[in-house]
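See below for the structure under consideration.
We did not get these values from a lab; they are worked out from the coordinates using the rules stated. Note that this is a predicted model, so its numbers are computed, not measured. Every residue, glycine as well, gets a Cβ built from its backbone with ideal geometry; the counts of neighbours run over all protein chains shown.
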Amino acid sequence: MTASTRKRDPFHAKDTMTTPMGPRAVYRLDRLKGLGPVDTLPYCIKVLLEACLRNVDDFIVTQDHVKALAGYDPKNVGEVEIPFMPGRVVLQDFTGVPAVVDLAAMREAIVKLTGNVGSAEKVNPLVPCDLVIDHSVQVDAFGSPQALRINSKLEFERNLERYQFLKWGQRAFNNFRVVPPATGIVHQVNLEYLATVVWDGAGEQAGAIYPDSLVGTDSHTTMINGLGIVGWGVGGIEAEAVMLGQPIYMLIPEVVGVRLSGKLAEGCTATDLVLRVTELLRKRGVVGKFVEFFGPGLSHMPVSTRATIANMAPEYGATIGFFPVDEHTITYLRLSGRDAGLLQLVEEYSKLQGLWRDDSREVRYTEVLELDLGTVEPSLAGPKRPQDRIALGAMQKQWRSDLHGKTFARPENAPAQAVELDGQKFEVKDGSVVVAAITSCTNTSNPEVMIAAGLVARKAAARGLTRKPWVKTSLAPGSKVVTEYFRAADLTKDLDAIGFNLVGYGCTTCIGNSGPLPEPISQAIQQGDLVATSVLSGNRNFEGRINPDVKANYLASPPLVVAYAIAGTVDIDLQKDPIATDKDGKEVFLRDIWPSQAEVQALIDECVTREQFIVQYSDVFKGAEEWQAIAEVQSQLYAWDEDSTYIQNPPFFAELTPEVRPIRPIQGARVLAAMGDSVTTDHISPAGSIKRDSPAGKFLISRGVTPEMFNQYGARRGNDRVMTRGTFANTRIRNALVELQVPGGKEGGYTVDFLDNQVKFIYDAAVHYQEAGVPLVVLAGKDYGMGSSRDWAAKGTFLLGVKAVIAESFERIHRSNLVGMGVLPLQFKAGESRTSLGLRGDEVFDVAVDDDVRPLQEVRVTARNAASGAVVREFAAIARLDTPVEVEYYRNGGILHTVLRKMAG
């Protein structure tokens, strides 16, 4: 039974509000004042409270849940679990395709489980779901007017099977829409079009209005927090459960308030601000917490800047980075083409519910941090983590320290490599910028930084400057609206002149779809073992993510990306040194081509218009001719093609039985990988290029796929046979087990197979272990699974036969995904680690977990000598099954198994 079939109003909070659409039901928060200090609740907690209040049924959502939130004590939150029922789900295609594959597989599984073909209809989204195809376009062509056409053509050639499958899903499932390729990035489309701030309910919520809320299969779903909407990234596994009517079970979060004051100084951008915020909050420690921004600094801060800050919540570790609704929200809704009725509804409803920002109202937070916007300075972040901010003036010094220090350990005066390309001869050396990309939702949704980039290009082009010949430049806007205001401002020709031609609409470089470097440059980097660099306006710069030839990656604002493309190196002080020499032989400094805030704002006021949004989103689901030409097939069950290298029926439900099996101890497990700190989901399940000689590459070649048509791992996520082979296949990952056999270790997805003591690919070893019936564990350090909300990082781990991951700490989404796949996350006790306990990784492990396990219970782990069986070390680890529901998911073998059994009755 679902919550909606047993709705009740025990608090007499239901009321009627007159709206532009007619009378609507509202669930008034001011009726709960007798339960606690509702007036002083953080705005984001009020949204959770309204969702619980509206869905009370004393079955899934109880009166106690409402009382717990209404009585929220920020200084003593405790460990209280609540169910949150988001209003909708957004997906991007890298994570959305496997989500739809799972739904198709669940339809097949429930038919087998029940013996009834009609039961397939039970597997159907019960909340609105939008999938935006934005992760598939790659930067193959660049620096020419034909780049967009070439890249788009290749995108459809590579991804036709995936797009055919999504078209089937669009017809097969209710409440499921697909935004076609070449439209924009999911988060920017969400911000500019899909989001409503206040939702007019439909289906089981018809007749009610309530705050827009969502979860998304991308960690940067938080960008929508900038519009006053509660939403965050979850794994595809959790998102599928929400789609099927299940709530997100969560502990009531602590809320950290960040008080913003002052104004950004001349020359500073929203990107510089978000890098400062990321540094501040990551150092403070906000993992698992909500962050809410307030204070006088918001009075002059547009939604575009707020969205930039909210976008990088995963980078600073928070679940959300929330900005309450205010007059800037209304201004943005008006600009982006929303109708007048919605604007009226948002303002009136937000004020009625106490969700409208009011600086005179006291709000109580768990703690408050202060940031004076006037202290922000131009910055980059890198070379491997987004929280490692570097002031622009310190960039050259930090680069040299990292190059010759422990980060890269390169010798002084390492020789440069001679290159000849397109008739030009030059040298590539350590620090050469070989990728400069204006990319990613973080910045391409922000007209201030995009116009600034165009103006830097204009001023540079006027002096006869352009990119260095070794720099691969690209411009990938987050929506077609950006193209329209560039044209209106006459900036397109200037960006083209520097080499920033339009390459596509999508994530591109930030997700690893940077495409290959020109072959002579790639060869030079490999031959010289050079530390080549990238500068991108993205949010992620983890090693191995951007391009396999690039070791150092720096996040920067779009105008700085243009500047570094012209400079061609990070080994430069852009605040003191000339960036280049102009056509007249005169030195040009960055300050000579940097626009003022007044120049930027004048172009925005003149060239960014409401009509651009209305026109570009008037027929957003239609798509280009190539999309329209894909035939639509209507059927309840998908016709799987055994020969497909993109879409396969995953084996997740192969052993599903109607009965739940009890939890049993893990015995005789061997270690598949032993890793250090900050292992990302990119390390575990890369999204980028597939190496020819990797297990996945060899598999594709065996199926007749040529290397130039390999596509990316992200595009192959609908095929478990590719993705399992790609798990732990990142070219930069380091497995400490290899050091037991190879002095100094070996970079890449290798391990020691202790059944034959051979060093081999992790996939090959895992297959050998599975054939022998040996369970596996992974050992790791701090922040295991940080980064993208990548469900295949958990799915691949599960399919390799890993039963438990023992780490010093976990990032939120990946820990949840492991539970969702039936893999046990175990956390070393405080102060303990693999190294402190003296674990080499060649031991045999027993984990004493059983059917009586409780949330956050300590579990005994025994490491034994493989040869003698003698106990090497016995220690307690914390079972990171954080809630009773997660214990139930683990007992069932995963969240989808739990849902399927419930559906089957």
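Place a label point 7 angstrom from the Cα of Ala462 along the Cα-to-Cβ direction, then list the residues of the stretch 495-528 whose backbone nitrogen is under 14 Å away.
Residues 495 fall inside that zone.
Apply the Karplus curve 6.51 cos²θ - 1.76 cosθ + 1.60, θ = phi - 60°, to the phi angles in the stretch 424-440 and return the couplings in whole Hz, x for Gly and Pro.
10, 10, 7, 10, 10, 9, 3, x, 4, 7, 9, 9, 10, 10, 8, 8, 5
Run down the lysines and flag those whose C-alpha is under 20 Å from the C-alpha of Lys583, throwing out any fewer than 8 positions away in its chain.
Cα-Cα hits under 20 Å: Lys425, Lys459, Lys468, Lys493.
Over 22 Å between Cα atoms, which of Lys46/Lys351; Lys406/Lys551; Lys429/Lys698; Lys122/Lys902; Lys153/Lys429 qualify?
Violating the 22 Å Cα-Cα cut-off are Lys429/Lys698; Lys153/Lys429.
I need the shape label for the chain. Rule: rounded when a/c is under 1.5, else prolate if a/b > b/c, else oblate, with a, b, c from the alpha carbon gyration tensor.
Details: a/c = 1.43, a/b = 1.07, b/c = 1.34.
It comes out rounded by the Cα gyration axes.
Can you compute the radius of gyration and Dmax for the stretch 379-595, using only the Cα atoms, both in Å?
When restricted to the Cα atoms of the stretch 379-595, Rg and Dmax are 16.0, 49 Å.
Estimate the FRET efficiency between Ile150 and Asp643 by the formula 1/(1 + (r/R0)^6), using the beta-carbon distance for r and 22 Å for R0, to the nearest 0.05. Show your work: numbers first, answer last.
Working: r = 28 Å, r/R0 = 1.26.
Rounded to the nearest 0.05, the efficiency is 0.20.
Which three numbers, in whole Å and largest first, are the semi-axes of the equivalent ellipsoid of the stretch 643-726 derived from its Cα gyration tensor as √(5λ)? Working shown, then result.
Values: eigenvalues 158, 81, 27 Å².
Taking √(5λ) for each eigenvalue gives 28, 20, 12 Å, largest first.
Viscosity 1.306 mPa s, temperature 10 °C: give me the Stokes-Einstein translational D for the stretch 24-84 in µm²/s, with Rh taken as the Kirkwood radius over C-alpha pairs. Show your work: numbers first, answer last.
Details: Rh = 11.7 Å.
Result for D is 136 µm²/s.
Describe numerically, in nm with one decimal, the distance between label points set 7 Å from Cα along Cα→Cβ at Glu599 and at Glu625.
4.0 nm
Loop only by DSSP, 11 or fewer other Cβ within 10 Å of the Cβ. Give me the GluC sites (Glu not before Pro) in the stretch 179-277 that pass, ordered by residue number.
Working: sites: Glu192, Glu204, Glu238, Glu240, Glu254, Glu266; in loops: Glu254, Glu266.
Those that pass, being in a loop and sparsely packed, are Glu266.
Measuring from label point to label point, each 7 Å out along Cα→Cβ, what is the Ala772 to Gln636 span in nm?
4.6 nm
Assuming 0.36 nm per residue, please report the length gained on full extension of the stretch Gln575 to Arg487 beyond their Cα-Cα distance. If you can, show how the numbers build up before the last one.
Working: separation 88, 0.36 × 88 = 31.68 nm, distance 3.05 nm.
This chain segment gains 28.6 nm when fully extended.
Please list the radius of gyration and Dmax for the stretch 61-117, considering alpha-carbon atoms only, with Å as the unit.
According to the Cα coordinates of the stretch 61-117, Rg and Dmax are 18.8, 53 Å.
Calculate the translational D of the stretch 808-905 in whole µm² s⁻¹ from Stokes-Einstein, where the hydrodynamic radius comes from the Kirkwood formula applied to all Cα pairs, the temperature is 4 °C and the viscosity 1.567 mPa s.
On the way: Rh = 14.6 Å.
Using the Kirkwood radius from Cα pairs, D works out to 89 µm²/s.
Output wanted: per-residue J couplings in Hz (rounded whole) for the stretch 704-719, from phi through Karplus 6.51 cos²θ - 1.76 cosθ + 1.60, θ = phi - 60°, x for Gly and Pro.
Rounded to whole hertz, the list is x, 8, 7, x, 5, 10, 4, 6, 10, 4, x, 6, 9, 5, x, 10.
Antiparallel as a % of all DSSP beta bridges within the chain, to the nearest 5? Don't skip to the answer; put the middle values down first.
Values: 49 of 107 bridges.
Roughly 45 percent of the beta bridges in the chain run antiparallel, per DSSP.
List every residue whose amide H lies under 5 Å from the amide H of Asp200, counting only residues 5 or more places away in sequence or on a different chain, with H placed 1.01 Å from N in the peptide plane.
Result for Asp200 returns nothing.
Step through the residues of the stretch 147-153 one at a time and calculate ³J(HN,Hα) from phi using the Karplus curve (6.51 cos²θ - 1.76 cosθ + 1.60, θ = phi - 60°), rounding each to whole Hz and writing x for Gly and Pro.
4, 4, 5, 5, 5, 5, 4
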